[in-house]
Structure formats: structure tokens, C-alpha cells
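The values are calculated or read from the model by the stated rules, or taken from the named source; none is laboratory data. It should be emphasised that the depicted structure is a prediction, and the values quoted were computed from it without experimental measurement. Here the Cβ positions follow ideal geometry from the backbone for every residue, glycine too, while neighbour counts run over all protein chains shown.
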Amino acid sequence: MTQFRYECLATDGAARQGRLHTAHGEIRTPAFMPVGTAGTVKAMTPEAVRETGADIILGNTYHLMLRPGAERVARLGGLRRFMHWDGPILTDSGGFQVMSLSELRKVDENGVTFRSHLDGSKQHLSPERSVEIQHLLGATITMQLDELVQLPATDAEVARAMRLSLRWAERCKAAFQERAGHALFGIVQGGINPELRAESALGLVRTGFDGYAVGGLAVGEGQAAMLATLDATVPHLPADRPRYLMGVGMPDDILGAVERGIDMFDCVLPTRSGRTGQAFTRSGTLNIRNARHAEDPGPLDPACRCPACRHYSRAYLHHLEKAKEILSPMLLTWHNLTYFQDLMIEIREAIGEGRLAAAAARIRARWSANDIAASESS
């Protein structure tokens, strides 16, 4: 039976090219995980997601515990069978959604009590219950329950939440059922305070996890603060374990994080953008709703391999978007996810060949010279 392990294949500075071995298949790193919050990557079939190049997708404890329910998913064979995805799944613990979606919530030592955003029913999520739900879902990678503090916040409040999350991390580890090829990740918190980040990272390493995530970033602190926080955090994480930056994000943020030793990413950006007419291309981002595309016979991106670029013109996609046809978000999402996976392929190859600095400079220059997002308001 496959054991969960991280294999580093190449390094280039702090950047790493590697492979995660799991019970449900291998994950090439650095990896971007499409978000399938409620058991589906929006506007995509699992086969289409796989065709983009994704090795792993993300599901969510909060949403799936409320609907259709973790016990029901377990009775139906687990999330992978339920949604017809044959690869690894990482499940977010639900902590972020509790904080962001539930107006009425109470956090204490035992966990978080909140009202469902669906029907207002009272719910309780403890570290043990979060791990249990993720086990019922059949997650390949389980995340600890943590408390996220919205920034800006005082150091005292950030420290309180971080230390509570450390105590919850120990309880999550005690509740986790070890199985070959499965993993439990701890989550580093501490806002943008380097001392608190170091304290959190060292505490998690003492407890011992299969991988380590950096949480609580990409919440409005700005890229410079995010990258500085990674500079202060990553050196405290073990070199033989995967590192995951949660909720990131923008392509330039991904590139900067890879340069600092991050291996895994997730974000709703490519799918959400696909549903609002936004497309990522090698020549910058564009808004297909803009009138300049109405008679453009060319593809979104001539270098892209996705069906939207192989078979359809910008003019046709513009028409679909204006007509509010469901095919538009389907094609744009497929394109955006392909763009993100191709970016990861380019990054992995550059690390493997020891030329990441040159590749990163070229990618950033391309974005800087050609990005047309600012001129394309909706």
C-alpha cells in the first residue's frame, strides 16, 4: 500500500520540484488545486478537470457537512465516488467558511458554534468532528481545524487565535485515523507577525504532521506582506514535508510563493473569473464582455490547448457571454483552469532545469508588458 510521502526531485534556490505519493495517486508539485467546494468544480465535469492537468482537487467540510451531509456521502461510497473524481482530494476543515459565512458564531476552547448560512440551524464544529467529517468524506489530505482572524487585528487577538489553533491541532492529530497513503496537515497561523508565525510553525512541527499549510494570508494584507510572512515562516517548516499556501491565488502570488519554497496552492479565482467573463492569458487578463472582442475571430490565447481556444473565437465567446448562455462560463472556466495548470507545468520544468529565475523574469515581463485588464472594465 502506498505510503504518503513527499519526494523532492529538484531544487532551484528555495523553490522545489517534487512529487507527493498518496493512496489515490501522485501529485506533481508545485501543484495548483482547483476548488470543488460542494463536491463539484463549478461549470466543469471531473473528466474536464483532469484534462486541464489537475492531479488533485479541494473539497470543503463546512459546505458538505451541511449539504448533503458527511454521513450520507460516506454511505454512498465517499466523496471520490460520489462526485466521480478518481484522484486525490484535499478537504478544507471548514474553519474559514465558518468565519466568513456565519454572522452568528461563538468560538471557545471546544470548537465553534454557528448558524448555517442555508437554513439558520445551529451547528457545532469541534476539532474532533472536523476530522471525523473529513474521514467520512474519504479525504486523501485532511486539514486541522483552525481559527482564522480577519486582518487587520491586534497582535494580542492574533496570538490568542494562533495558540487556540495550536491546541486544536493537537486534538486533530489525536482524532486522525492513520491510513496508508492518507495525510493530516497542520496550519500555521499568526497574521503577518513573524514572531507569531515562527511560534506557530515550531509548535506544529513539535506535534508532527504529514504536511504544513500556511493559512490566514491572501485576505487583503497585500502581496509584499504576504511574501514577507512566507520568508519568516517557511524556514521553520521541515524540508521533507509538503508546504501548502491556502487560498492563493493570483498567478504572480503563486510564482512568488514558489520562489520561497511553497509546493501547493488553491484558489477560487480561475473558476469564479470564468463565471464573470474574465479570462487569464499569456498576454494578460481580459474581459470577454468588452465590445472590442465582438468581431475578433482569434482565440483567447493562441498558445493555449483548451477547447475554448482550439475551437472558438473571442467573438463567439463574447456572444455567449452577452447572451448569458451557460456554455460561456463552462468554456471560460475550462480555459482558466488550463492556464493555471500550464503555468504550474512551466514552473515545474523551469525548477527541474535550474532556470526558474530566468523563467520567472520572462513570465513577469510578459504580464507587465501585455496585461490589458486595467483597460477592460466591464
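Worth pointing out:
- When residues of region 246-284 are limited to those that are of a type in the set (S, T, N, Q) and touching a Phe, Trp or Tyr at 6+ places or on another chain (Cβ under 9 Å), the one surrounded by the fewest Cβ atoms within 10 Å (Cβ to Cβ): S283
- Subset tally (residues that are in contact with a Ser or Thr (Cβ under 9 Å, 6 or more places away or on another chain) and either of a type in the set (S, T, Y) or under 18 Å from A161 (Cα atoms) (or both)) for region 105-123: 8
- Residue match in region 333-347 (condition: under 29 Å from T11 (Cα atoms), surrounded by fewer than 16 Cβ atoms within 10 Å (Cβ to Cβ), at pLDDT 95 or above and of a type in the set (A, V, I, L, M)): yes
- Any hit, region 140-158, residues being touching a residue at least 40 places away in the same chain (Cβ under 8 Å), in a helix (DSSP H, G or I) and either surrounded by fewer than 21 Cβ atoms within 10 Å (Cβ to Cβ) or not hydrophobic (A, V, I, L, M, F, W, C) (or both): yes
- Selected residue (criterion: farthest from E51 (Cα to Cα)) from residues of region 323-332 that are surrounded by fewer than 18 Cβ atoms within 10 Å (Cβ to Cβ) and touching a helix residue (DSSP H, G or I) at 6+ places or on another chain (Cβ under 9 Å): E325
- A357 passes every criterion in (1) surrounded by fewer than 19 Cβ atoms within 10 Å (Cβ to Cβ); (2) assigned to a helix (DSSP H, G or I); (3) in contact with a strand residue (DSSP E or B) (Cβ under 6 Å, 6 or more places away or on another chain) apart from (3).
- Residue check, V131 assigned by TED's automatic domain parsing to the domain that holds P34, over 18 Å from A161 (Cα atoms), in contact with a Cys (Cβ under 9 Å, 6 or more places away or on another chain) and among the β-branched types (V, I, T): yes
- In region 29-63, of all residues being touching a Gly at 6+ places or on another chain (Cβ under 6 Å) and more than 28 Å from R310 (Cα to Cα), the one that is modelled with the highest pLDDT corresponds to G59.
- Residue check: P88 meets all listed conditions (1) buried (at least 21 other Cβ atoms within 10 Å of the Cβ); (2) within 19 Å of V214 (Cβ to Cβ) but one, namely (2).
So that you can scan it fast, the table gives a plain yes or no per residue for (1) assigned to a strand (DSSP E or B); (2) modelled with pLDDT of 95 or more; (3) over 23 Å from the mean Cα position of the chain (by Cα):
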| site | (1), (2), (3) |
| --- | --- |
| I27 | yes, yes, no |
| M65 | no, yes, no |
| G77 | no, yes, yes |
| R80 | no, yes, no |
| G87 | no, yes, no |
| V107 | yes, no, yes |
| D119 | no, no, yes |
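Each row is one residue, and each column tells you yes or no for (1) closer than 18 Å to L343 by Cβ; (2) of a type in the set (V, I, T); (3) touching a residue at least 24 places away in the same chain (Cβ under 8 Å); (4) not assigned by TED's automatic domain parsing to the domain that holds L151.
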| residue | (1), (2), (3), (4) |
| --- | --- |
| A10 | yes, no, yes, no |
| G18 | yes, no, yes, no |
| G36 | no, no, yes, no |
| A43 | no, no, yes, no |
| L79 | no, no, yes, no |
| S93 | no, no, yes, no |
| E109 | no, no, yes, no |
| V112 | no, yes, yes, no |
